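Presented below is the structure to which this report refers.
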Amino acid sequence: MEQYPRYAKGAPLDGKVAAVTGGSRGLGRAITEELVAQGCRVIACARDAAPLRDVDCIAVEADVSTRVGRAAFVAAIAEAGGVDFLVNNVGTNIRSRTEDLTDEDYSFLMSTNLDSAVFLCR
């Protein structure tokens, strides 16, 4: 599979500031690493920020499914001087039949997958 070429210095992403939710694992980790490689300054959050220690980014330990976690992430973004764009990557799933989901399960899914994106975009 052919890989997309890296942008040269001075490319559109060089010097931009990006915020990435769920940046420590999986697709979020790949997005964080690629944005750094493209010249972005990245502020990435995760419930456990330890895996981000080896990435050249601002790592924020925050659970954006909660108001407190979103406030912590927004505060880190403000402290860094703001961002040019936000990658709402965080997401989760509970592998269960719908009728077996508890009210707490449903609230957790909605706060992680929907509320975090809506409130962070605001």
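Observations on the model:
- Residue match in the range 74-95 (condition: out of contact with any helix residue (DSSP H, G or I) (no Cβ under 8 Å at 6 or more places or on another chain), surrounded by 12 or more Cβ atoms within 10 Å (Cβ to Cβ), among the polar types (S, T, N, Q) and assigned to a loop (DSSP other than H, G, I, E, B)): no
- Single condition A71 does not satisfy, out of (1) touching a Leu at 6+ places or on another chain (Cβ under 9 Å); (2) surrounded by fewer than 18 Cβ atoms within 10 Å (Cβ to Cβ); (3) outside any loop (DSSP other than H, G, I, E, B): (1)
- Tallying residues that are under 20 Å from T92 (Cα atoms), of a type in the set (G, A, S) and part of a helix (DSSP H, G or I) within the range 9-50 yields 4.
- Listed conditions (1) over 17 Å from R122 (Cβ atoms); (2) modelled with pLDDT of 95 or more are all met by G15, apart from (2).
- Count - residues of the range 11-37 that are in contact (Cβ under 8 Å) with a residue 40 or more places away in the chain, open to solvent by less than 60 Å² (accessible area, probe 1.4 Å) and touching a Gly at 6+ places or on another chain (Cβ under 8 Å): 6
- Of the residues examined, R53 is one that is loosely packed, with under 13 Cβ neighbours inside 10 Å, of a type in the set (D, E, K, R) and outside any loop (DSSP other than H, G, I, E, B).
- Being over 22 Å from N113 (Cβ atoms) and not β-branched (V, I, T) is a property that A80 has.
- Search result, residues across the range 99-122 that are surrounded by 10 or more Cβ atoms within 10 Å (Cβ to Cβ) and outside any helix (DSSP H, G or I): L101, T102
- Set side by side, the residues A72, A30, A59 differ, and just one is over 16 Å from A117 (Cα atoms), at pLDDT 95 or above and out of contact with any Lys or Arg (no Cβ under 8 Å at 6 or more places or on another chain), which is A30.
The values are calculated or read from the model by the stated rules, or taken from the named source; none is laboratory data. Source: prediction; values computed, not measured. Neighbour counts run over all protein chains shown; Cβ positions are idealised from the backbone, glycine included. Note: areas computed on protein heavy atoms with side chains; ligands, DNA, RNA excluded. Shrake-Rupley method; radii C 1.70, N 1.55, O 1.52, S 1.80 Å.
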